[in-house]
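K.L.:
Sharing a structure, written as structure tokens. Questions coming.
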């Protein structure tokens, strides 16, 4: 931990930077390419590098934010409940898409890591990259990965997915909010789900469903095979 900043300072700095980025995002009309997490991530990475702080130290200092991810994820059940009538007609196609997305998320991460010559703890740390942070960290610990590395990879992949989702959905003319939400939730987990709510409450609800089920399915697959 940096001698110049206490744990409380890191937590406060993270919250303040995000609040400022959120205000800027709203002021500019909520552009999809400037979601608040993106500049916040850049600023905090710069601070960590300049002040020579270990990632583990930063994660330990900001543990309350990690803890709150759990209740925030559970709260998504409210809009999902309201969208139940829209879920029932597409339940089986949605579950099929979820399974394909889950396997693609694991396979793409592990496959790319293998092609790059990575192995051991690093490869295992990348396997749960498509899962929301609290679940991904737990999976990483169970299968022998590095939780700190997993957290960073999950956050970065979520930001990339959230930024890329709106233009990709427009390019492929995917207009059904259920399909939009499922795609974003599986590929970009929590950060993507927040972006899905910017599209519509229904897209956000389905993104939350996809995020939760993808996390459970990934935990079962990786936990059963690699643990």
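Read-outs: derived from the displayed coordinates by stated rules, not from any lab. All of these numbers come straight from a predicted model, not from anything done at the bench.
K.L.:
Determine the principal axes of the Cα atoms in the chain, then give the extent along each, sorted from largest to smallest and rounded to whole angstroms.
P.N.:
Principal extents (Cα only, largest first): 57, 46, 31 Å.
K.L.:
Along its principal axes, what span do the Cα atoms of the stretch 115-227 show, with the longest given first and each in whole Å?
P.N.:
On the principal axes, the stretch 115-227 reaches 41, 26, 20 Å in Cα extent.
K.L.:
If you average the sequence gap of Cα pairs under 8 Å that are 6 or more apart and divide by the length of the stretch 1-61, what percent do you get for the contact order?
P.N.:
On the way: 36 pairs, mean separation 30.8, N = 61.
Relative contact order of the stretch 1-61: 50 percent.
K.L.:
With N set to the number of residues, divide the alpha-carbon radius of gyration of the stretch 1-61 by 2.2 N^0.38 Å and report two decimals.
P.N.:
Values: Rg = 12.7 Å, N = 61, 2.2 N^0.38 = 10.5 Å.
Compactness ratio reported: 1.21.
K.L.:
Mean separation of Cα pairs under 8 Å and 6+ residues apart, divided by the residue count of the chain: what relative contact order is that in percent? Kindly include the intermediate steps, with their values, before the conclusion.
P.N.:
On the way: 295 pairs, mean separation 45.6, N = 227.
Dividing the mean separation by the residue count of the chain yields 20 percent.
K.L.:
Okay, moving on. Considering the chain as a Gaussian network with a 10 Å cut-off on Cα pairs, which listed residue, 141, 198, 54, attains the greatest mean-square fluctuation?
P.N.:
In the Gaussian network model the winner is 54.
K.L.:
For the stretch 183-226 and the stretch 91-121, compute the distance between their C-alpha centroids and round to whole Å.
P.N.:
So the separation of the two Cα centres works out to 14 Å.
K.L.:
Next question, about the same structure. For all pairs of alpha-carbon atoms in the stretch 36-81, what percent lies in each bin of width 5 Å, listed from the first bin to the last filled one?
P.N.:
Cα pair-distance distribution for the stretch 36-81, in percent: 5, 17, 18, 21, 16, 9, 7, 4, 1, 0.
K.L.:
On to the next question. Suppose only helical runs count, i.e. DSSP H with n ≥ 4. What mean residue ellipticity at 222 nm does that imply for the chain under -39500 (n - 2.57) per run, divided by all residues and rounded to the nearest 500 deg cm²/dmol?
P.N.:
Theoretical 222 nm ellipticity from helices: -26500 deg cm²/dmol.
K.L.:
Right, another one. Which value in Å does the Kirkwood hydrodynamic radius of the stretch 54-119 take, with 1/r averaged over all unlike C-alpha pairs and then inverted? Working shown, then result.
P.N.:
On the way: mean 1/r = 0.0640 Å⁻¹.
Answer for the stretch 54-119: a Kirkwood hydrodynamic radius of 15.6 Å.
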